[in-house]
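The values are calculated or read from the model by the stated rules, or taken from the named source; none is laboratory data. This structure is a prediction, so every number in the text was calculated from the model and none was measured. In this analysis, Cβ positions are derived from the backbone assuming ideal geometry, glycine residues included, and neighbour counts consider all displayed protein chains. The area values use the complete protein model at the heavy-atom level, side chains included, leaving out ligands, DNA and RNA. Shrake-Rupley method; radii C 1.70, N 1.55, O 1.52, S 1.80 Å.
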Amino acid sequence: MKHFTLALMSLALATQATAAETTLDTGNTAWMICAAMFVLMMCIPGLALFYGGMVRAKNFLSVFTQLFAVAGVIGILWVLFGYSLVVDTTGMVEGQLTFNSFIGGLDKALMLDIGHDSLVGTIPEGVFAVFQLTFAIITPALIAGGFAERMKFSASLLFMAAWFVLVYAPIAHMVWGGPGALMVNWGVLDFAGGTAVHINSGVAALAAALMLGKRKGYPQVAMPPHNLGFTLVGAGLLWVGWFGFNVGSG
């Protein structure tokens, strides 16, 4: 009788867990909307102030508007096909290497089939897509520190848009694409962007800095930072935003 009772309790708990996974949770949804805003705040104005305070006064507005513009460009690309390239699991087989282990398909391009009743876990897929969008925005924006003051505005936007398509989307899919994705097959665990965001953008920033070389006039010409107070404010906003970045991922 004791074993039978325990079995019934286990079955009831399993049923509750299954129901919880497929039912909208308003608390989780509200938190994920807040987390998305926190991560967006990390880029605009957090990262913009952080980088802008360290460049010369004449380039402050340029750096700030670069990050504003990249947020808009990546937002459009994300809706068109970026989200699909990252999360679509078509053609993936757990433990096997296929073409789609490297990049997702286009079944979710233009947010196809994402309605008000589409859920990811306990939150609407639309909210999940916006949260992941904020990661896609801040990752190429992080690269801007590697070429600040040394690249034309138009060239920087073109570079970051191309990098998003050719590098970020495939890497993010390999890391977060689920069973069958390349790094998931390897057993890689990326909790909140250590690989897809930080290593990825750091390597790109280093490559961009090496390709562009030193600033003209350096080190003969004095290049004092514009306002390190802005940098500290930006660092504070990044620190606060990390609660959305990490806890939202959790």
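Tabulated results
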| read-out | value |
| --- | --- |
| Förster radius 41 Å - calculated FRET efficiency between TYR218 and VAL247, Cβ distance, rounded to 0.05 | 0.55 |
| Principal-axis tilt of helix 26-41 within the chain, Cα atoms, nearest 10 degrees | 10 degrees |
| Angle in degrees between helix 228-242 and the longest Cα principal axis of the chain, rounded to the nearest 10 | 10 degrees |
| Extension gain (nm, one decimal) between LEU158 and GLN96, 0.36 nm per residue minus Cα-Cα | 18.8 nm |
| Intensity falloff of region 132-250 expressed as log10 I(q)/I(0), Debye formula with alpha-carbon point scatterers, at q = 0.10, 0.17, 0.19 Å⁻¹ | -0.39, -0.98, -1.14 |
| Residue-averaged 222 nm ellipticity for the chain, from DSSP H runs of 4+ at -39500 (n - 2.57), nearest 500 | -17500 deg cm²/dmol |
| Degrees, to the nearest 10: 200-212 long Cα axis against longest axis of the chain | 20 degrees |
| Stretchable slack from VAL240 to ILE33, in nm (0.36 nm times residue separation minus alpha-carbon distance) | 73.0 nm |
| Residues of region 13-144: accessible area per residue with a 1.4 Å probe, Å² | 47 Å² |
| Carbon plus sulfur fraction of accessible area for the chain, probe 1.4 Å, in percent | 73 percent |
| Extension gain from VAL203 to ALA109, taking 0.36 nm per residue of separation minus the Cα-Cα distance | 31.0 nm |
